[in-house]
Amino acid sequence: MVEFLCFALIAALSCTLLNAKSYANEEAFNSSGVILQYHHIATNTPAITSTSPDAFKAHMNYLSSEKIAVWPLEKLIKALKQGETLPGKVVSLTFDDAYDNIYHNAWPLLRSLNWPFTLFIASDLVGKKGYLTWDQIREMNQGGMSVANHSQTHTHLLRKLDTEDHQKWLQRIKKEILNAELAISDQIPALKPSRMKFIAYPYGEYNGDILNLIASLGYVGLGQQSGAIDKNSNLLALPRYPLSGIYEDLSTFKIKVHTHAMPLLSISFVDPVLDINNKRPSLEMRFSGTDYRFDQLKCYGSGDGMDVEKMLNESHYIAKSTSSIPIGRSRYNCTMPTAVSHKDGKVDFYWFSQLWIRKNIDGTWPSEH
């Protein structure tokens with residue numbers, strides 16, 4: 001799924017880059033990492049989930065030219081969990097769905113750069129038309145690629161079957177995850193049993209029950225909402241930057257790579273699945289201090305506009321759409337410039353995204369396009 005980020009956000013960020021000023025409380029920059037998400041690396045596949053090979057090459061060339069560290073996902077998560085200071089900006093590369101064009105159009109470049117990446121596979125799709133084979137996956141794994149869980153069939157995890165009650169639904173989802181893990185272990189015997197286990201939620205969808213389930217199974221979970229990560233990030237629903245379709249543009253890529261996790265007091269879980277009568281959800285943000293650029297805190301959604309209201313506490317804000325958010329998946333994306341400017345006068349941005357999922361008015365799930 002591609003992030004619902006309006007072009008007004010990119011325009012606003014670009015303008016703010018020119019308006020840097022110094023604040024007394026200058027925070028350390030080396031405390032956030034960024035996870036990048038790709039699907040297809042091709043031009044003959046659905047645009048919404050595709051990054052052209054030329055754009056992908058431009059992304060990788062930028063990381064290389066800027067000497068941005070590319071770490072395995074496990075290394076980045078362990079470092080942040082332990083509160084380590086990162087050596088400048090660090091990113092991790094991830095690919096969802098195991099399309100065969102990754103092998104042909106991304107792997108040669110990543111192999112030449114000797115860069116690690118993580119492939120999230122839906123095990124039942126491996127070997128089918130348009131998808132990688134196990135032999136190709138094993139070859140890339142031997143070259144430094146990590147293999148992780150994307151469920152067995154790439155189903156919508158939230159959607160109960162007509163014959164299922166709550167317990168049967170959770171049992172089926174648990175089986176989806178465990179069967180995929182078993183297939184991965186059987187087919188990639190070189191994987192270490194002690195490795196950190198990751199799951200990327202199909203379509204980026206999850207709720208509280210799903211998070212509790214994957215926590216009980218010992219996984220770190222990744223969504224498709226955008227943003228940077230730090231030691232306070234929710235390890236059951238980590239954000240990633242989708243870079244497909246209209247979001248493959250290099251100028252926006254540069255901004256996202258240099259973002260930092262929003263300095264929130266805590267990243268509380270907010271269930272993204274809304275009651276059918278809740279068309280304008282509120283996002284509450286409590287910041288870790290008061291010496292931030294709150295005058296430039298802005299939020300963007302997929303409706304007509306957003307209100308960001310300061311509460312009685314200087315570090316407490318609530319964001320809410322001015323109109324009904326759409327049926328299906330959408331997000332609130334909130335950004336704020338950091339306190340420290342670079343030598344060229346530009347600034348980085350804090351970034352936080354909240355996923356929302358609305359059903360149809362009659363309570364049924366919307367159809368997928």
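Taken together, ALA47, ALA79, ALA55 contain a single residue that is crowded, with 17+ Cβ neighbours inside 10 Å and touching a residue at least 60 places away in the same chain (Cβ under 8 Å), which is ALA55. Here the condition is being modelled with pLDDT under 95 and of a type in the set (Gly, Ala, Ser); of ALA55, ALA69, ALA24, ALA42, it holds for ALA24 alone. Checking each residue in the stretch 64-78 for being in contact with a helix residue (DSSP H, G or I) (Cβ under 7 Å, 6 or more places away or on another chain) and either hydroxyl-bearing (Ser, Thr, Tyr) or assigned to a helix (DSSP H, G or I) (or both) picks out only SER64.
From the list SER268, SER324, exactly one residue is exposed (fewer than 15 other Cβ atoms within 10 Å of the Cβ) and without any contact (Cβ under 8 Å) to a residue 40 or more places away in the chain. Which is it? Give the steps one after another, and end with the answer.
Values: SER324 fails: without any contact (Cβ under 8 Å) to a residue 40 or more places away in the chain.
Exactly one of SER268, SER324 is exposed (fewer than 15 other Cβ atoms within 10 Å of the Cβ) and without any contact (Cβ under 8 Å) to a residue 40 or more places away in the chain, namely SER268.
Can you tell me which residue among PHE117, PHE95 is touching a strand residue (DSSP E or B) at 6+ places or on another chain (Cβ under 6 Å), farther than 24 Å from LEU178 by Cβ and either among the small types (Gly, Ala, Ser) or at pLDDT 95 or above (or both)?
Details: PHE95 fails: farther than 24 Å from LEU178 by Cβ.
PHE117 is the lone residue from the list that is touching a strand residue (DSSP E or B) at 6+ places or on another chain (Cβ under 6 Å), farther than 24 Å from LEU178 by Cβ and either among the small types (Gly, Ala, Ser) or at pLDDT 95 or above (or both).
Screening the stretch 127-156 for residues that are of a type in the set (Ser, Thr, Tyr) and either part of a helix (DSSP H, G or I) or farther than 12 Å from THR94 by Cβ (or both) and picking the one that is farthest from the chain's Cα centre (by Cα) gives THR133.
Could you pull out the residue among TYR317, TYR292 that is touching a helix residue (DSSP H, G or I) at 6+ places or on another chain (Cβ under 8 Å) and over 20 Å from LEU222 (Cβ atoms)? Walk me through it before giving the result.
Numbers: TYR292 fails: touching a helix residue (DSSP H, G or I) at 6+ places or on another chain (Cβ under 8 Å).
Of TYR317, TYR292, the one residue that is touching a helix residue (DSSP H, G or I) at 6+ places or on another chain (Cβ under 8 Å) and over 20 Å from LEU222 (Cβ atoms) is TYR317.
So that you can scan it fast, the table gives a plain yes or no per residue for (1) charged (D, E, K, R); (2) in contact with a strand residue (DSSP E or B) (Cβ under 7 Å, 6 or more places away or on another chain); (3) within 27 Å of TRP351 (Cα to Cα):
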site	(1), (2), (3)
MET60	no, no, yes
SER64	no, no, yes
SER112	no, no, no
ILE121	no, yes, no
TYR131	no, yes, no
GLN142	no, no, no
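Anything in the stretch 63-78 that is under 20 Å from the mean Cα position of the chain (by Cα) and either over 24 Å from GLN142 (Cα atoms) or aromatic (Phe, Trp, Tyr) (or both)? List them, or say none.
In the first step, residues of the stretch 63-78 are kept if they are under 20 Å from the mean Cα position of the chain (by Cα); the result is 63, 68-78.
Residue satisfying the conditions is TRP71 alone.
The residues in the stretch 145-197 that are in contact with a helix residue (DSSP H, G or I) (Cβ under 6 Å, 6 or more places away or on another chain), more than 19 Å from GLY208 (Cα to Cα) and hydrophobic (A, V, I, L, M, F, W, C) can be counted, and the count is 5. Residues considered: ILE229, ILE173, ILE210. Of these, the only one that is under 20 Å from LEU73 (Cα atoms), outside the structural domain of SER288 (by TED's automatic domain parsing) and of a type in the set (Val, Ile, Thr) is ILE229. One residue stands out in the stretch 160-171 among those that are loosely packed, with under 13 Cβ neighbours inside 10 Å and closer than 18 Å to ASN360 by Cβ: the one that is modelled with the highest pLDDT, namely LEU161.
Residues to consider are ILE177, ILE102, ILE210, ILE199; find the one that is crowded, with 19+ Cβ neighbours inside 10 Å, in contact (Cβ under 8 Å) with a residue 24 or more places away in the chain, touching a Phe, Trp or Tyr at 6+ places or on another chain (Cβ under 6 Å) and part of a helix (DSSP H, G or I). Explain how you work it out, then say what you get.
On the way: ILE177 fails: touching a Phe, Trp or Tyr at 6+ places or on another chain (Cβ under 6 Å); ILE210 fails: touching a Phe, Trp or Tyr at 6+ places or on another chain (Cβ under 6 Å); ILE199 fails: part of a helix (DSSP H, G or I).
None of the others qualify; the one that does is ILE102.
Checking each residue of the stretch 134-143 against the condition of being in contact (Cβ under 8 Å) with a residue 12 or more places away in the chain and of a type in the set (Phe, Trp, Tyr) gives at least one match. The set of residues in the stretch 198-234 that are in contact with a Leu (Cβ under 9 Å, 6 or more places away or on another chain) and among the polar types (S, T, N, Q) comprises ASN207, ASN212, GLN224, GLN225, SER226, ASN232, SER233, ASN234.
Being acidic (Asp, Glu), assigned to a loop (DSSP other than H, G, I, E, B) and closer than 30 Å to LYS359 by Cα is true for just one of ASP124, ASP162. Which residue is that? Working first, answer last.
Values: ASP124 fails: assigned to a loop (DSSP other than H, G, I, E, B).
The unique qualifying residue is ASP162.
If a residue counts only when it is touching a Lys or Arg at 6+ places or on another chain (Cβ under 7 Å) and not basic (Lys, Arg), which strands (runs of 3 or more DSSP E) contained entirely in the stretch 252-369 have at least 1 such residues?
Details: elements: 282-286, 298-300, 306-310, 316-321, 328-341, 347-358.
Here the list reads 282-286, 306-310, 316-321, 328-341, 347-358.
Find the residue count for the stretch 80-92, including only residues that are at pLDDT below 95 and of a type in the set (A, V, I, L, M, F, W, C).
Our first condition is that a residue be at pLDDT below 95; within the stretch 80-92, this holds for 80-89.
If we keep only those that are of a type in the set (A, V, I, L, M, F, W, C) as well, we get 80, 86.
The number of residues fulfilling the criteria is 2.
For residues that are in contact with a Cys (Cβ under 9 Å, 6 or more places away or on another chain) and among the hydroxyl-bearing types (Ser, Thr, Tyr), scanning just the stretch 299-316, find the one that is nearest to ALA228 (Cα to Cα).
Taking the stretch 299-316 as the starting set, the residues that turn out to be in contact with a Cys (Cβ under 9 Å, 6 or more places away or on another chain) are 299-302, 306-308.
Those left that are additionally among the hydroxyl-bearing types (Ser, Thr, Tyr): 300, 302.
On the way: TYR300: 17, SER302: 20 Å.
It comes out as TYR300.
The values are calculated or read from the model by the stated rules, or taken from the named source; none is laboratory data. What you are looking at is a predicted structure, and each value in this text was computed from that prediction instead of being measured. Note: ideal-geometry Cβ built from the backbone for every residue, glycine included; neighbour counts use all protein chains shown.
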